[in-house]
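Notes to accompany the following structure.
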């Protein structure tokens, strides 16, 4: 028992030591922000409703504010004028996104247009999507498809009303959006709201979305990456592997 306690104590001391070493010092040129606690930084300032907490903090510290979320140094912009400067005039400097650990499962971030850094592959994918998906002619050509999917959603809600079945608004909107995307890319529906045969596929995609949006300690403390304490990366790897097989 004594040996186990000693080993656990050493492991805890090692993790704390690594966290303290990797915790960045506040730079002189950073915007103002609330007081940072050791190791966790400003995570406690977010509260249960982060958008409301950030709005209140911006009234104290101004439209440009710095938060230290674990090891993640974050700049919060709450001014439309400053946001315009960032996204219109300095877009390339701020275009590289932070990649959540969940989306690194199966190297997804290396092949996803949404998460690739600016480079030859990103430019090529952007060119393809702009000319084949988001051009004015393509959007006009798909107008009837968008209208048809909205009508199908209305019919589905009406049938549920007639049979007394509850409508899961989030899932209904997801199925409509997903089928619109699948028809744009593959010319077919991948989800049928009236059949349970594809329930596994629907649950698979839904679970991926849930895991991608789940707050993950590894994002704030990369030293925990190998431990994966919440199992987010492990579950995402399983979901991605199943999706690839489909």
Query raised in the report: What's the exposure ranking of 77, 39, 96, going from fewest to most Cβ atoms within 10 Å?
Result: 96, 39, 77
**Report entry** Inter-label distance for residue 126 and residue 203, nm, one decimal - labels placed 7 Å from Cα along Cα-to-Cβ
**Finding:** 4.0
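What full-extension length gain, to one decimal in nm, is calculated for residue 87 and residue 188 as 0.36 nm per residue of separation minus the Cα-Cα distance?
Roughly 32.8 nm would be gained on extension.
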Query raised in the report: With the contact rule set at Cα under 8 Å and sequence spacing of 6 or more, what percent relative contact order holds for the chain?
Result: 17
Report task. Using only Cα atoms, figure out Rg for the chain and give it as a multiple of 2.2 N^0.38 Å. Result -> 1.28
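Classify segment 79-182: rounded, prolate or oblate, from the alpha-carbon gyration tensor (a ≥ b ≥ c, eigenvalue square roots; a/c under 1.5 rounded; otherwise prolate if a/b is larger than b/c)?
On the way: a/c = 2.03, a/b = 1.81, b/c = 1.12.
Verdict is prolate for segment 79-182.
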Report task. Please arrange 89, 159, 149 by counting, for each residue, the other beta carbons lying within 10 Å of its beta carbon, fewest first. Result -> 89, 159, 149
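Using Cβ counts within 10 Å as a stand-in for footprinting exposure, how do 139, 125, 43 rank, fewest first?
139, 125, 43
Bear in mind these aren't lab numbers, they're just calculated from the coordinates by the rules spelled out. This one's a predicted model, so the numbers in the text were calculated from it and none came from an experiment. Cβ coordinates were reconstructed from backbone atoms using ideal geometry, including for glycine residues, and neighbour counts include every protein chain displayed.
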